[in-house]
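A quick write-up on the structure given underneath.
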Amino acid sequence: MTFTLPPGLALQKVDERIMTLNVGPQHPGSGHMRIIVQIDGDYIVACDPDPGYVHRGEEKMAEYRNYITNIPHLERPVIHDSCNVLYPYVLGAEEILGIEVPERAKYVRVIASELNRCIYIMYWLAIYGIFLGHSTMFMWPAGDRELLIDLMEKMTGARVTHAHFVPGGVRNDLPPNFEDVCLRQVNYFEKRIKEYAAVFYDNPILISRTRDTGVLSRQDAIKYGTTGSVLRASGVDYDLRVKEPYDVYDELDVHTNVMKEGDSYARSRIPWLDMMESCNIIRQALQKMPKSGSVRTKLKPNPKGKGLNSVYKRVESGRGSLGCYIVSDGKTEPYRVKLSVPSFRNLIALPNLLRGEKLGNMPSVYWSLNYWPVEADR
Amino acid sequence: MSTETENPPADAKPEVATPKPAAKKPEETPIELPAFEKSISDKIVEKFGDKVEVGFVKEDRVRINVGRENVHDVAEFIRDELNYDHVESVSGVDYPQDNEIEVVYHLGSYSDSSLARQILVLATRAQRETNPIPGNDATKLPTLRDVFYSVEFHEREVFEMFGVFFEGHPDNRRLLLPEDWADLPPLRKDFAIKGR
(Lines give C-alpha, C1' and ligand atoms only; values in the text may rest on other atoms or scores of the structure.)
Protein backbone atom coordinates (compact mmCIF):
# COMPACT_ATOMS: atom_id res chain seq x y z
CA MET A 1 0.00 0.00 0.00
CA THR A 2 1.47 3.32 -0.99
CA PHE A 3 1.96 5.66 1.87
CA THR A 4 2.79 9.34 1.84
CA LEU A 5 4.10 11.04 4.91
CA PRO A 6 1.69 13.46 6.50
CA PRO A 7 2.98 17.03 6.62
CA GLY A 8 4.98 17.56 9.78
CA LEU A 9 6.60 14.15 9.63
CA ALA A 10 9.34 15.50 7.39
CA LEU A 11 12.75 15.67 9.01
CA GLN A 12 13.63 18.93 10.63
CA LYS A 13 16.95 20.62 10.09
CA VAL A 14 18.31 22.05 13.27
CA ASP A 15 21.21 24.21 14.20
CA GLU A 16 24.64 22.64 14.73
CA ARG A 17 24.67 23.72 18.34
CA ILE A 18 21.48 21.92 19.06
CA MET A 19 21.45 18.26 19.93
CA THR A 20 18.39 16.04 19.77
CA LEU A 21 18.06 13.66 22.66
CA ASN A 22 15.56 10.85 22.99
CA VAL A 23 14.50 10.29 26.59
CA GLY A 24 12.70 6.99 26.63
CA PRO A 25 10.77 4.88 25.92
CA GLN A 26 13.09 2.47 27.72
CA HIS A 27 14.59 5.06 29.99
CA PRO A 28 13.09 4.71 33.46
CA GLY A 29 12.92 8.46 33.89
CA SER A 30 10.21 8.84 31.31
CA GLY A 31 7.84 6.01 32.04
CA HIS A 32 6.46 4.22 28.99
CA MET A 33 6.86 7.16 26.68
CA ARG A 34 9.47 9.01 24.71
CA ILE A 35 10.27 12.65 25.19
CA ILE A 36 12.25 14.08 22.31
CA VAL A 37 14.16 17.05 23.65
CA GLN A 38 16.44 19.41 21.76
CA ILE A 39 19.10 20.84 23.97
CA ASP A 40 21.47 23.74 23.59
CA GLY A 41 24.16 23.01 26.13
CA ASP A 42 22.24 22.34 29.30
CA TYR A 43 19.05 24.07 28.30
CA ILE A 44 16.05 22.58 26.61
CA VAL A 45 14.99 24.58 23.57
CA ALA A 46 12.21 22.31 22.32
CA CYS A 47 10.39 19.28 23.55
CA ASP A 48 8.14 16.89 21.68
CA PRO A 49 6.35 14.27 23.77
CA ASP A 50 5.76 11.02 21.92
CA PRO A 51 3.24 8.86 23.77
CA GLY A 52 1.68 5.72 22.39
CA TYR A 53 4.05 2.94 23.41
CA VAL A 54 1.36 1.38 25.61
CA HIS A 55 -1.65 2.09 23.41
CA ARG A 56 -3.96 -0.89 23.83
CA GLY A 57 -7.08 0.21 22.01
CA GLU A 58 -9.39 0.21 25.02
CA GLU A 59 -11.90 2.35 23.14
CA LYS A 60 -12.05 -0.05 20.22
CA MET A 61 -12.37 -3.04 22.53
CA ALA A 62 -15.26 -1.37 24.32
CA GLU A 63 -17.30 -1.37 21.10
CA TYR A 64 -17.24 -5.16 20.97
CA ARG A 65 -18.27 -5.93 24.55
CA ASN A 66 -21.49 -5.34 26.39
CA TYR A 67 -21.91 -2.89 29.22
CA ILE A 68 -20.91 -5.39 31.91
CA THR A 69 -18.00 -7.15 30.21
CA ASN A 70 -16.46 -3.77 29.48
CA ILE A 71 -15.75 -3.28 33.16
CA PRO A 72 -12.58 -5.34 33.71
CA HIS A 73 -10.66 -3.97 30.74
CA LEU A 74 -11.72 -0.33 31.10
CA GLU A 75 -9.99 -0.10 34.48
CA ARG A 76 -6.66 -1.19 32.99
CA PRO A 77 -5.46 2.27 31.96
CA VAL A 78 -4.68 3.11 35.58
CA ILE A 79 -4.74 0.00 37.68
CA HIS A 80 -3.69 1.89 40.81
CA ASP A 81 -6.69 4.18 40.45
CA SER A 82 -8.99 1.53 39.05
CA CYS A 83 -12.16 2.63 40.86
CA ASN A 84 -11.87 6.21 39.68
CA VAL A 85 -11.07 5.35 36.08
CA LEU A 86 -14.16 3.16 35.94
CA TYR A 87 -16.40 5.62 37.74
CA PRO A 88 -17.48 7.85 34.79
CA TYR A 89 -18.14 4.83 32.61
CA VAL A 90 -20.37 3.31 35.28
CA LEU A 91 -22.22 6.59 35.83
CA GLY A 92 -22.74 6.93 32.09
CA ALA A 93 -23.89 3.34 31.67
CA GLU A 94 -26.40 3.85 34.48
CA GLU A 95 -27.88 6.83 32.70
CA ILE A 96 -28.05 5.00 29.39
CA LEU A 97 -29.53 1.84 30.87
CA GLY A 98 -31.81 3.77 33.22
CA ILE A 99 -30.72 2.23 36.52
CA GLU A 100 -31.16 3.68 39.99
CA VAL A 101 -28.38 3.14 42.52
CA PRO A 102 -29.09 2.29 46.18
CA GLU A 103 -28.01 4.88 48.72
CA ARG A 104 -25.59 2.60 50.52
CA ALA A 105 -23.86 1.70 47.25
CA LYS A 106 -23.18 5.37 46.59
CA TYR A 107 -21.38 5.68 49.92
CA VAL A 108 -19.41 2.49 49.30
CA ARG A 109 -18.36 3.92 45.95
CA VAL A 110 -17.22 7.16 47.50
CA ILE A 111 -15.16 5.32 50.12
CA ALA A 112 -13.64 3.03 47.50
CA SER A 113 -12.82 5.87 45.17
CA GLU A 114 -11.20 7.95 47.92
CA LEU A 115 -9.13 4.97 49.07
CA ASN A 116 -8.08 4.43 45.48
CA ARG A 117 -7.14 8.06 45.12
CA CYS A 118 -4.79 7.71 48.10
CA ILE A 119 -3.35 4.47 46.71
CA TYR A 120 -2.65 6.12 43.36
CA ILE A 121 -1.12 9.24 44.89
CA MET A 122 1.12 7.16 47.16
CA TYR A 123 2.40 5.25 44.14
CA TRP A 124 2.97 8.48 42.25
CA LEU A 125 4.70 10.01 45.27
CA ALA A 126 7.05 7.03 45.50
CA ILE A 127 8.02 7.51 41.84
CA TYR A 128 8.37 11.24 42.26
CA GLY A 129 10.64 10.69 45.25
CA ILE A 130 12.92 8.20 43.56
CA PHE A 131 13.34 10.31 40.44
CA LEU A 132 14.43 13.23 42.57
CA GLY A 133 16.98 10.90 44.19
CA HIS A 134 15.15 10.70 47.49
CA SER A 135 15.11 6.98 48.29
CA THR A 136 13.28 7.36 51.59
CA MET A 137 10.40 8.92 49.75
CA PHE A 138 10.27 5.82 47.58
CA MET A 139 10.23 3.38 50.51
CA TRP A 140 7.80 5.14 52.80
CA PRO A 141 4.86 5.64 50.43
CA ALA A 142 5.38 2.22 48.88
CA GLY A 143 5.13 0.71 52.35
CA ASP A 144 2.31 2.84 53.73
CA ARG A 145 0.30 2.20 50.61
CA GLU A 146 -0.06 -1.41 51.77
CA LEU A 147 -2.42 -0.30 54.55
CA LEU A 148 -4.96 0.93 52.06
CA ILE A 149 -4.39 -1.91 49.64
CA ASP A 150 -5.24 -4.30 52.45
CA LEU A 151 -8.44 -2.35 53.02
CA MET A 152 -9.34 -2.57 49.35
CA GLU A 153 -8.58 -6.27 49.42
CA LYS A 154 -10.99 -6.72 52.32
CA MET A 155 -13.61 -4.70 50.49
CA THR A 156 -13.33 -6.09 46.99
CA GLY A 157 -11.26 -9.25 47.14
CA ALA A 158 -8.52 -7.93 44.86
CA ARG A 159 -5.47 -5.93 45.76
CA VAL A 160 -5.11 -3.72 42.71
CA THR A 161 -7.58 -4.31 39.89
CA HIS A 162 -10.85 -4.44 41.76
CA ALA A 163 -13.56 -4.30 39.02
CA HIS A 164 -15.77 -3.36 41.93
CA PHE A 165 -18.06 -0.76 40.39
CA VAL A 166 -20.87 -2.05 38.20
CA PRO A 167 -23.82 -0.23 36.65
CA GLY A 168 -26.34 -0.32 39.47
CA GLY A 169 -23.99 -0.16 42.43
CA VAL A 170 -21.01 -2.15 43.57
CA ARG A 171 -20.28 -5.82 43.22
CA ASN A 172 -20.23 -6.83 46.89
CA ASP A 173 -21.36 -5.44 50.18
CA LEU A 174 -18.76 -4.42 52.73
CA PRO A 175 -17.42 -7.25 54.88
CA PRO A 176 -18.51 -7.33 58.54
CA ASN A 177 -16.62 -5.00 60.82
CA PHE A 178 -15.18 -3.12 57.83
CA GLU A 179 -16.13 0.32 59.15
CA ASP A 180 -14.04 -0.05 62.31
CA VAL A 181 -11.00 -1.42 60.53
CA CYS A 182 -11.25 1.25 57.86
CA LEU A 183 -11.52 4.06 60.39
CA ARG A 184 -8.53 2.79 62.34
CA GLN A 185 -6.34 2.32 59.28
CA VAL A 186 -7.29 5.68 57.77
CA ASN A 187 -6.54 7.50 61.01
CA TYR A 188 -3.15 5.85 61.22
CA PHE A 189 -2.54 6.55 57.54
CA GLU A 190 -3.29 10.23 57.98
CA LYS A 191 -0.95 10.48 60.95
CA ARG A 192 1.70 8.73 58.93
CA ILE A 193 1.52 10.91 55.81
CA LYS A 194 1.79 14.02 57.95
CA GLU A 195 5.31 12.86 58.79
CA TYR A 196 6.24 13.17 55.12
CA ALA A 197 6.44 16.92 55.54
CA ALA A 198 9.56 16.70 57.70
CA VAL A 199 11.42 14.32 55.43
CA PHE A 200 10.23 15.46 52.02
CA TYR A 201 8.16 18.59 51.66
CA ASP A 202 10.22 20.71 54.06
CA ASN A 203 13.46 19.27 52.79
CA PRO A 204 15.65 22.15 51.53
CA ILE A 205 17.10 20.01 48.76
CA LEU A 206 13.67 19.16 47.42
CA ILE A 207 12.62 22.78 47.66
CA SER A 208 15.70 23.98 45.81
CA ARG A 209 15.08 21.48 43.03
CA THR A 210 11.39 22.15 42.56
CA ARG A 211 10.76 25.77 43.53
CA ASP A 212 10.36 28.01 40.48
CA THR A 213 10.96 25.22 38.01
CA GLY A 214 8.36 24.67 35.33
CA VAL A 215 6.14 27.53 36.35
CA LEU A 216 2.66 27.33 34.83
CA SER A 217 0.73 30.54 35.10
CA ARG A 218 -2.98 30.67 35.81
CA GLN A 219 -3.84 31.88 32.31
CA ASP A 220 -1.77 29.16 30.69
CA ALA A 221 -3.23 26.45 32.92
CA ILE A 222 -6.69 27.47 31.71
CA LYS A 223 -5.59 27.90 28.11
CA TYR A 224 -4.00 24.45 27.95
CA GLY A 225 -7.10 22.91 29.51
CA THR A 226 -5.09 21.21 32.25
CA THR A 227 -6.89 19.55 35.09
CA GLY A 228 -6.55 18.18 38.58
CA SER A 229 -3.49 18.91 40.67
CA VAL A 230 -1.77 20.76 37.82
CA LEU A 231 -4.69 23.16 37.53
CA ARG A 232 -5.14 23.63 41.26
CA ALA A 233 -1.43 24.26 41.78
CA SER A 234 -1.78 27.20 39.40
CA GLY A 235 -4.46 28.87 41.47
CA VAL A 236 -7.67 27.69 39.79
CA ASP A 237 -10.23 26.49 42.32
CA TYR A 238 -11.78 23.64 40.38
CA ASP A 239 -12.62 20.25 41.78
CA LEU A 240 -15.49 18.25 40.34
CA ARG A 241 -16.32 16.78 43.74
CA VAL A 242 -17.37 20.33 44.68
CA LYS A 243 -18.31 21.86 41.35
CA GLU A 244 -20.32 19.02 39.87
CA PRO A 245 -20.88 16.57 42.73
CA TYR A 246 -21.71 13.05 41.64
CA ASP A 247 -23.20 10.29 43.80
CA VAL A 248 -23.16 11.56 47.41
CA TYR A 249 -20.38 14.14 47.30
CA ASP A 250 -22.96 16.90 47.68
CA GLU A 251 -23.76 15.56 51.16
CA LEU A 252 -20.13 15.56 52.21
CA ASP A 253 -17.96 18.49 53.14
CA VAL A 254 -15.14 18.58 50.60
CA HIS A 255 -12.38 21.14 50.78
CA THR A 256 -10.44 22.03 47.62
CA ASN A 257 -6.70 22.52 47.98
CA VAL A 258 -5.40 25.37 45.85
CA MET A 259 -1.92 26.85 45.61
CA LYS A 260 -0.94 29.91 43.65
CA GLU A 261 2.70 29.28 42.74
CA GLY A 262 2.21 26.97 39.77
CA ASP A 263 5.71 25.50 40.04
CA SER A 264 6.81 21.90 40.45
CA TYR A 265 6.75 22.21 44.22
CA ALA A 266 3.12 23.29 44.29
CA ARG A 267 2.19 20.54 41.85
CA SER A 268 3.86 17.96 44.05
CA ARG A 269 2.34 19.26 47.27
CA ILE A 270 -1.29 19.41 46.10
CA PRO A 271 -1.71 15.61 45.79
CA TRP A 272 -0.31 15.18 49.30
CA LEU A 273 -2.87 17.66 50.65
CA ASP A 274 -5.52 15.82 48.64
CA MET A 275 -4.74 12.62 50.51
CA MET A 276 -5.51 14.27 53.83
CA GLU A 277 -8.74 15.59 52.36
CA SER A 278 -9.55 12.07 51.20
CA CYS A 279 -9.12 10.83 54.78
CA ASN A 280 -11.62 13.47 55.91
CA ILE A 281 -14.09 12.41 53.24
CA ILE A 282 -13.75 8.73 54.16
CA ARG A 283 -14.44 9.49 57.83
CA GLN A 284 -17.53 11.53 56.92
CA ALA A 285 -18.78 8.87 54.54
CA LEU A 286 -18.32 6.11 57.12
CA GLN A 287 -20.37 8.14 59.56
CA LYS A 288 -23.20 9.03 57.19
CA MET A 289 -23.44 5.72 55.37
CA PRO A 290 -26.67 3.75 55.90
CA LYS A 291 -25.76 0.81 58.10
CA SER A 292 -27.62 -1.73 56.04
CA GLY A 293 -29.41 -2.05 52.77
CA SER A 294 -28.85 -3.20 49.23
CA VAL A 295 -25.67 -2.24 47.41
CA ARG A 296 -26.63 -3.35 43.93
CA THR A 297 -29.63 -3.04 41.67
CA LYS A 298 -30.09 -6.25 39.79
CA LEU A 299 -29.74 -5.89 36.04
CA LYS A 300 -31.58 -7.84 33.41
CA PRO A 301 -29.35 -10.05 31.31
CA ASN A 302 -27.77 -8.14 28.41
CA PRO A 303 -29.13 -4.70 29.26
CA LYS A 304 -29.71 -2.32 26.32
CA GLY A 305 -29.92 1.40 25.92
CA LYS A 306 -33.00 3.04 24.46
CA GLY A 307 -32.39 4.28 20.95
CA LEU A 308 -29.65 6.68 19.93
CA ASN A 309 -28.36 8.36 23.02
CA SER A 310 -25.14 9.92 24.17
CA VAL A 311 -23.92 10.81 27.60
CA TYR A 312 -20.82 12.53 28.94
CA LYS A 313 -19.99 11.91 32.60
CA ARG A 314 -16.94 13.04 34.50
CA VAL A 315 -15.44 12.49 37.91
CA GLU A 316 -12.44 13.81 39.81
CA SER A 317 -9.82 11.08 39.70
CA GLY A 318 -6.44 11.05 41.41
CA ARG A 319 -5.02 13.07 38.52
CA GLY A 320 -7.94 15.29 37.65
CA SER A 321 -11.18 15.36 35.76
CA LEU A 322 -11.80 12.08 33.97
CA GLY A 323 -14.59 12.06 31.44
CA CYS A 324 -16.33 9.27 29.60
CA TYR A 325 -18.38 9.85 26.47
CA ILE A 326 -20.67 6.95 25.63
CA VAL A 327 -22.75 6.76 22.47
CA SER A 328 -25.43 4.09 22.51
CA ASP A 329 -27.47 2.95 19.53
CA GLY A 330 -29.86 0.74 21.45
CA LYS A 331 -27.79 -2.40 21.35
CA THR A 332 -26.18 -4.39 24.11
CA GLU A 333 -22.79 -2.97 23.21
CA PRO A 334 -21.97 0.73 23.28
CA TYR A 335 -21.59 2.27 19.82
CA ARG A 336 -18.61 4.33 20.95
CA VAL A 337 -16.79 4.80 24.23
CA LYS A 338 -14.33 7.64 24.59
CA LEU A 339 -12.25 8.14 27.70
CA SER A 340 -11.05 11.69 28.14
CA VAL A 341 -8.23 11.13 30.55
CA PRO A 342 -6.45 13.75 32.69
CA SER A 343 -2.95 12.54 31.78
CA PHE A 344 -3.65 13.15 28.12
CA ARG A 345 -5.07 16.56 28.84
CA ASN A 346 -2.13 17.59 31.01
CA LEU A 347 0.43 16.37 28.48
CA ILE A 348 0.05 19.48 26.35
CA ALA A 349 1.59 21.51 29.17
CA LEU A 350 4.84 19.51 29.07
CA PRO A 351 6.46 21.06 25.94
CA ASN A 352 5.58 24.51 27.16
CA LEU A 353 6.91 23.92 30.67
CA LEU A 354 10.18 22.35 29.61
CA ARG A 355 11.14 25.02 27.10
CA GLY A 356 13.95 27.01 28.68
CA GLU A 357 14.43 24.62 31.60
CA LYS A 358 17.65 22.87 32.39
CA LEU A 359 17.80 19.24 31.35
CA GLY A 360 18.43 18.25 34.95
CA ASN A 361 15.07 19.70 35.94
CA MET A 362 13.21 17.50 33.51
CA PRO A 363 12.29 14.73 36.01
CA SER A 364 10.95 17.16 38.56
CA VAL A 365 8.80 18.92 35.97
CA TYR A 366 7.70 15.83 34.09
CA TRP A 367 6.65 13.79 37.14
CA SER A 368 5.03 16.76 38.84
CA LEU A 369 2.47 16.75 36.04
CA ASN A 370 0.97 13.69 37.71
CA TYR A 371 1.29 11.95 34.39
CA TRP A 372 0.51 8.30 33.90
CA PRO A 373 1.65 7.14 30.44
CA VAL A 374 -0.57 4.08 30.32
CA GLU A 375 -3.63 6.20 30.96
CA ALA A 376 -2.72 8.76 28.33
CA ASP A 377 -2.30 6.03 25.72
CA ARG A 378 -5.37 4.00 26.71
CA MET B 1 -24.96 18.61 7.49
CA SER B 2 -24.06 16.87 4.34
CA THR B 3 -26.62 14.42 3.08
CA GLU B 4 -24.72 12.90 0.18
CA THR B 5 -24.98 9.17 0.37
CA GLU B 6 -24.31 8.06 -3.17
CA ASN B 7 -20.80 6.85 -2.29
CA PRO B 8 -21.16 4.22 0.38
CA PRO B 9 -17.79 2.82 1.46
CA ALA B 10 -17.07 -0.16 -0.71
CA ASP B 11 -15.42 -2.16 2.02
CA ALA B 12 -17.88 -1.41 4.81
CA LYS B 13 -18.95 -4.59 6.54
CA PRO B 14 -22.66 -5.28 6.34
CA GLU B 15 -23.04 -5.68 10.09
CA VAL B 16 -21.85 -2.19 10.81
CA ALA B 17 -24.41 -0.76 8.45
CA THR B 18 -27.34 -2.13 10.42
CA PRO B 19 -27.33 0.31 13.40
CA LYS B 20 -29.19 3.38 12.32
CA PRO B 21 -28.13 6.31 14.48
CA ALA B 22 -29.30 8.73 11.83
CA ALA B 23 -28.35 12.39 11.78
CA LYS B 24 -29.76 14.09 14.86
CA LYS B 25 -33.12 15.64 14.18
CA PRO B 26 -34.61 18.12 16.63
CA GLU B 27 -36.36 15.70 18.93
CA GLU B 28 -39.63 16.25 20.71
CA THR B 29 -38.99 18.98 23.22
CA PRO B 30 -39.62 18.04 26.86
CA ILE B 31 -42.08 20.27 28.69
CA GLU B 32 -39.57 21.68 31.15
CA LEU B 33 -36.10 22.46 29.91
CA PRO B 34 -33.55 23.56 32.50
CA ALA B 35 -33.63 27.35 32.37
CA PHE B 36 -29.93 28.17 32.53
CA GLU B 37 -28.98 25.60 29.91
CA LYS B 38 -31.82 26.80 27.71
CA SER B 39 -30.48 30.36 27.90
CA ILE B 40 -27.09 29.17 26.63
CA SER B 41 -28.58 27.39 23.63
CA ASP B 42 -30.90 30.34 22.97
CA LYS B 43 -27.95 32.71 22.73
CA ILE B 44 -26.31 30.53 20.10
CA VAL B 45 -29.52 30.05 18.13
CA GLU B 46 -30.21 33.79 18.30
CA LYS B 47 -26.82 34.57 16.80
CA PHE B 48 -26.62 31.87 14.14
CA GLY B 49 -30.25 31.10 13.38
CA ASP B 50 -30.73 27.98 11.30
CA LYS B 51 -27.02 27.42 10.77
CA VAL B 52 -27.00 25.58 14.07
CA GLU B 53 -29.27 22.91 15.43
CA VAL B 54 -29.83 22.25 19.12
CA GLY B 55 -29.22 18.54 19.69
CA PHE B 56 -30.47 18.43 23.25
CA VAL B 57 -30.74 20.58 26.35
CA LYS B 58 -30.30 18.51 29.48
CA GLU B 59 -29.22 19.28 32.98
CA ASP B 60 -25.64 20.63 32.74
CA ARG B 61 -25.32 19.55 29.12
CA VAL B 62 -26.16 21.44 25.93
CA ARG B 63 -25.55 19.94 22.54
CA ILE B 64 -25.19 22.06 19.41
CA ASN B 65 -24.91 20.45 15.98
CA VAL B 66 -23.31 22.62 13.33
CA GLY B 67 -22.16 22.15 9.77
CA ARG B 68 -18.45 22.09 9.04
CA GLU B 69 -18.47 25.46 7.27
CA ASN B 70 -19.76 27.25 10.38
CA VAL B 71 -18.01 25.36 13.18
CA HIS B 72 -15.15 27.82 13.43
CA ASP B 73 -17.44 30.86 13.76
CA VAL B 74 -19.63 29.12 16.32
CA ALA B 75 -16.58 28.11 18.35
CA GLU B 76 -15.29 31.68 18.35
CA PHE B 77 -18.66 32.92 19.51
CA ILE B 78 -18.74 30.31 22.27
CA ARG B 79 -15.29 31.36 23.45
CA ASP B 80 -15.73 35.12 23.24
CA GLU B 81 -19.35 35.61 24.27
CA LEU B 82 -20.15 32.57 26.39
CA ASN B 83 -16.81 32.30 28.26
CA TYR B 84 -16.06 28.66 27.53
CA ASP B 85 -12.29 28.48 27.68
CA HIS B 86 -11.02 24.94 27.22
CA VAL B 87 -11.88 21.64 25.63
CA GLU B 88 -12.37 18.57 27.80
CA SER B 89 -12.45 15.99 25.09
CA VAL B 90 -12.61 15.64 21.34
CA SER B 91 -14.20 12.42 20.16
CA GLY B 92 -14.73 11.10 16.71
CA VAL B 93 -17.73 8.90 16.02
CA ASP B 94 -17.91 6.98 12.77
CA TYR B 95 -21.26 6.62 11.00
CA PRO B 96 -20.54 4.58 7.86
CA GLN B 97 -24.24 4.21 7.09
CA ASP B 98 -24.53 8.03 6.80
CA ASN B 99 -21.14 8.16 5.09
CA GLU B 100 -20.12 10.72 7.69
CA ILE B 101 -17.71 11.04 10.60
CA GLU B 102 -18.85 13.11 13.52
CA VAL B 103 -16.37 15.05 15.64
CA VAL B 104 -17.65 16.04 19.06
CA TYR B 105 -16.01 18.76 21.15
CA HIS B 106 -16.85 18.84 24.85
CA LEU B 107 -16.19 22.38 26.02
CA GLY B 108 -15.95 23.54 29.61
CA SER B 109 -15.09 26.68 31.50
CA TYR B 110 -12.71 27.32 34.39
CA SER B 111 -12.82 31.09 34.41
CA ASP B 112 -16.60 31.52 34.68
CA SER B 113 -17.77 29.94 37.91
CA SER B 114 -21.42 29.86 36.82
CA LEU B 115 -20.38 27.49 34.01
CA ALA B 116 -18.35 25.14 36.23
CA ARG B 117 -20.98 22.40 36.00
CA GLN B 118 -21.71 22.94 32.34
CA ILE B 119 -20.43 21.06 29.35
CA LEU B 120 -21.21 22.42 25.93
CA VAL B 121 -21.19 19.69 23.31
CA LEU B 122 -20.29 21.04 19.89
CA ALA B 123 -20.74 18.44 17.18
CA THR B 124 -19.89 18.67 13.52
CA ARG B 125 -19.78 16.17 10.71
CA ALA B 126 -17.39 15.59 7.86
CA GLN B 127 -17.93 13.69 4.64
CA ARG B 128 -16.44 10.24 5.17
CA GLU B 129 -13.95 9.45 2.46
CA THR B 130 -12.94 5.86 1.93
CA ASN B 131 -9.32 6.79 1.35
CA PRO B 132 -8.02 7.40 4.86
CA ILE B 133 -4.64 8.76 3.81
CA PRO B 134 -4.70 12.55 3.99
CA GLY B 135 -4.63 13.81 0.46
CA ASN B 136 -6.84 15.87 -1.78
CA ASP B 137 -9.81 13.63 -1.18
CA ALA B 138 -9.35 13.27 2.59
CA THR B 139 -11.99 13.64 5.23
CA LYS B 140 -11.48 17.25 6.22
CA LEU B 141 -12.61 19.61 8.92
CA PRO B 142 -11.37 23.06 9.91
CA THR B 143 -9.24 22.98 13.02
CA LEU B 144 -10.27 24.73 16.22
CA ARG B 145 -6.66 24.98 17.44
CA ASP B 146 -6.60 28.76 16.92
CA VAL B 147 -9.80 29.11 18.95
CA PHE B 148 -9.13 26.62 21.73
CA TYR B 149 -5.41 25.94 22.18
CA SER B 150 -6.18 22.84 24.22
CA VAL B 151 -7.55 20.87 21.26
CA GLU B 152 -4.05 20.38 19.84
CA PHE B 153 -3.33 16.83 21.00
CA HIS B 154 -6.99 15.81 20.94
CA GLU B 155 -7.26 16.69 17.25
CA ARG B 156 -4.06 14.82 16.53
CA GLU B 157 -5.64 11.78 18.13
CA VAL B 158 -8.84 12.09 16.07
CA PHE B 159 -6.69 12.53 12.96
CA GLU B 160 -4.92 9.23 13.44
CA MET B 161 -7.84 7.24 14.84
CA PHE B 162 -10.46 8.37 12.28
CA GLY B 163 -8.46 9.84 9.41
CA VAL B 164 -10.05 13.26 9.81
CA PHE B 165 -7.58 15.82 8.51
CA PHE B 166 -7.84 19.11 10.39
CA GLU B 167 -7.08 21.92 7.96
CA GLY B 168 -4.93 24.59 9.52
CA HIS B 169 -3.69 22.47 12.40
CA PRO B 170 -0.01 23.33 12.86
CA ASP B 171 1.13 19.84 13.75
CA ASN B 172 -0.86 17.17 11.92
CA ARG B 173 1.24 14.19 12.96
CA ARG B 174 0.37 10.85 14.44
CA LEU B 175 0.39 10.75 18.20
CA LEU B 176 -0.38 7.32 19.63
CA LEU B 177 -0.04 5.05 16.61
CA PRO B 178 3.33 4.22 15.09
CA GLU B 179 4.55 6.66 12.44
CA ASP B 180 4.52 3.94 9.78
CA TRP B 181 0.97 2.75 10.45
CA ALA B 182 -0.37 1.97 6.98
CA ASP B 183 -3.76 0.44 7.67
CA LEU B 184 -7.20 1.97 8.06
CA PRO B 185 -7.62 4.42 10.92
CA PRO B 186 -8.36 1.94 13.71
CA LEU B 187 -11.43 3.47 15.31
CA ARG B 188 -13.38 3.50 12.06
CA LYS B 189 -16.10 0.90 12.07
CA ASP B 190 -14.73 -0.94 9.05
CA PHE B 191 -11.46 -1.66 10.87
CA ALA B 192 -12.46 -5.02 12.30
CA ILE B 193 -10.80 -6.77 15.21
CA LYS B 194 -9.69 -10.25 14.26
CA GLY B 195 -11.87 -13.01 15.62
CA ARG B 196 -14.80 -10.76 16.45
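The values are calculated or read from the model by the stated rules, or taken from the named source; none is laboratory data. Worth saying up front: this structure is predicted, and the values here are computed from it rather than measured. Cβ sites come from the backbone with ideal geometry, for glycine too, and all protein chains shown count toward neighbours.
Assorted remarks:
- Yes/no for A:Ala376 being away from chain B (no Cβ under 14 Å), touching a residue at least 40 places away in the same chain (Cβ under 8 Å) and in a helix (DSSP H, G or I): no
- The residues of the stretch A:340-360 that are surrounded by fewer than 24 Cβ atoms within 10 Å (Cβ to Cβ), more than 7 Å from every other protein chain (Cβ to nearest Cβ), more than 17 Å from A:Gly262 (Cα to Cα) and not basic (Lys, Arg), listed by number, are A:Leu359, A:Gly360.
- The helices (runs of 4 or more DSSP H) found wholly in the stretch A:52-168 and carrying at least 1 residues that are without any contact (Cβ under 8 Å) to a residue 24 or more places away in the chain and basic (Lys, Arg) occupy A:58-62.
- Of the residues making up the stretch A:273-312, those that are within 22 Å of the chain's Cα centre (by Cα) and within 11 Å of another protein chain (Cβ to nearest Cβ) number 2.
- Annotation note: Cβ proximity below 9 Å between a residue of the stretch A:177-189 that is touching a residue at least 12 places away in the same chain (Cβ under 8 Å) and a residue that is surrounded by 13 or more Cβ atoms within 10 Å (Cβ to Cβ) and not in a helix (DSSP H, G or I) (sequence gap 6+ or interchain) occurs for A:Glu179/A:Met289; A:Cys182/A:Leu174.
- Residue in the stretch A:353-367 that is at pLDDT 85 or above and touching a Pro at 6+ places or on another chain (Cβ under 8 Å) present: no
- Some residue of the stretch B:103-115 being within 11 Å of chain A (Cβ to nearest Cβ), farther than 30 Å from A:Arg241 by Cα and surrounded by fewer than 22 Cβ atoms within 10 Å (Cβ to Cβ): no
- The set of residues in the stretch A:217-231 that are facing chain B (nearest Cβ under 9 Å) and of a type in the set (Val, Ile, Thr) comprises A:Ile222, A:Thr226, A:Thr227.
- Of everything listed in (1) within 14 Å of chain B (Cβ to nearest Cβ); (2) in contact (Cβ under 8 Å) with a residue 60 or more places away in the chain, the single unmet condition for A:Thr210 is (1).
- Odd one out for A:Thr332, checked against (1) closer than 30 Å to A:Ser208 by Cα; (2) more than 8 Å from chain B (Cβ to nearest Cβ); (3) surrounded by fewer than 24 Cβ atoms within 10 Å (Cβ to Cβ): (1)
- When A:Val315, A:Val337 are checked against the criterion of being touching a Cys at 6+ places or on another chain (Cβ under 9 Å), at pLDDT 90 or above and more than 10 Å from every other protein chain (Cβ to nearest Cβ), a single residue qualifies: A:Val315.
- Summed over the stretch A:309-319, residues that are surrounded by 24 or more Cβ atoms within 10 Å (Cβ to Cβ), assigned to a strand (DSSP E or B) and of a type in the set (Lys, Arg) total 1.
- Spans of helices (runs of 4 or more DSSP H) in the stretch A:320-368 with at least 3 residues farther than 18 Å from B:Arg61 by Cβ and of a type in the set (A, V, I, L, M, F, W, C): A:349-354, A:362-368
- Every residue from the stretch A:216-231 that is touching a residue at least 24 places away in the same chain (Cβ under 8 Å) and buried (at least 18 other Cβ atoms within 10 Å of the Cβ): A:Leu216, A:Ala221, A:Tyr224, A:Gly225, A:Thr226, A:Thr227, A:Gly228, A:Ser229, A:Val230, A:Leu231
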